[in-house]
Amino acid sequence: MSRIGRLPITVPAGVTIDIKDGNTVTVKGPKGELTRTFAPELGISLEDGTLTVTRPNDLKKNKALHGLTRALINNMVIGVSTGFSKVLEVNGVGYKAAKQGNKLVLSLGYSHPVEMIDPEGIESSVEGNKITVSGISKEKVGQYAAEIRTKRPPEPYKGKGIKYSDEIIRRKVGKTGKK
């Protein structure tokens, strides 16, 4: 049995879960509302403030979907109650980030500034050289943070570029002089 899939999800106060036909789960909380449709083979039940996910048999597909479904529902519950955020750092001489309305403007050593519009439901903020991406959907927060990072990934010689705050850049030794 899936170790993650069999864990029950405790529903915090202020969060309501609605399970419709076809395994469409709607989670409402203080931060917003998320809806997602899951595989119809799996059983999703809500009893006494705890949500459980069950699978009908041990087919490989159902085993794979069991833990995935439980993790996705848990992320939805956490998202509408507390939210998710990722912090990126901009490192490099002349590299900077600024916010203009719902636009993130990045100066990354190119001949032009890179402008990125915040997706719906995602908010970004800039403090010094740190960019914070936050929202209720873990998937969308991670995707937008990854898109920001791809504009100038960190390089291994000087460490210039955009990196996650908890990311460790493996540094390389540069050229050596002639002997």
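Table for the structure above
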quantity: Residues satisfying the stated conditions in segment 68-87, i.e. β-branched (Val, Ile, Thr) and either free of Cβ contacts under 8 Å to residues at least 24 places away in the same chain or in a helix (DSSP H, G or I) (or both); calculated: Thr69, Ile73, Val77, Ile78, Val80
quantity: Top-ranked residue of segment 139-164 - restricted to ones that are free of Cβ contacts under 8 Å to residues at least 60 places away in the same chain and among the aliphatic types (A, V, I, L, M), ranked as farthest from Leu34 (Cα to Cα); calculated: Ala146
quantity: Matching residues in segment 49-67 - criterion: being assigned to a helix (DSSP H, G or I) and free of Cβ contacts under 8 Å to residues at least 60 places away in the same chain; calculated: Lys60, Lys61, Asn62, Ala64, Leu65
quantity: Top-ranked residue of segment 1-29 - restricted to ones that are assigned to a strand (DSSP E or B) and aliphatic (A, V, I, L, M), ranked as surrounded by the most Cβ atoms within 10 Å (Cβ to Cβ); calculated: Val27
quantity: Which listed residue is of a type outside the set (D, E, K, R) and farther than 27 Å from Glu33 by Cβ, from Leu106, Leu51; calculated: Leu106
quantity: Tally of residues being within 20 Å of Val80 (Cβ to Cβ) and touching a strand residue (DSSP E or B) at 6+ places or on another chain (Cβ under 7 Å) across segment 1-19; calculated: 9
quantity: Strands (runs of 3 or more DSSP E) lying entirely in segment 88-179 (those with 3 or more residues that are among the β-branched types (Val, Ile, Thr) and either in contact with a strand residue (DSSP E or B) (Cβ under 7 Å, 6 or more places away or on another chain) or open to solvent by 40 Å² or more (accessible area, probe 1.4 Å) (or both)); calculated: 130-135
quantity: The listed residue being more than 30 Å from Thr52 (Cβ to Cβ) and in contact with a Phe, Trp or Tyr (Cβ under 8 Å, 6 or more places away or on another chain), out of Glu127, Glu120, Glu89; calculated: Glu89
quantity: Selection count where residues are within 16 Å of Val93 (Cα to Cα) and not charged (D, E, K, R), scope segment 149-177; calculated: 7
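Yes or no, residue by residue, for (1) open to solvent by less than 70 Å² (accessible area, probe 1.4 Å); (2) within 19 Å of Glu139 (Cα to Cα):
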residue: Lys31; (1), (2): no, yes
residue: Lys61; (1), (2): no, no
residue: Gly67; (1), (2): yes, yes
residue: Ala71; (1), (2): yes, yes
residue: Gly83; (1), (2): yes, yes
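The values are calculated or read from the model by the stated rules, or taken from the named source; none is laboratory data. Keep in mind the model is a prediction, meaning the values are calculated, not measured. Note that each Cβ is placed from the backbone with ideal geometry, even for glycine, and that neighbours are counted across all protein chains shown. Side chains are part of the model used for accessible areas, which takes the heavy atoms of the whole protein and leaves out ligands, DNA and RNA. Shrake-Rupley method; radii C 1.70, N 1.55, O 1.52, S 1.80 Å.
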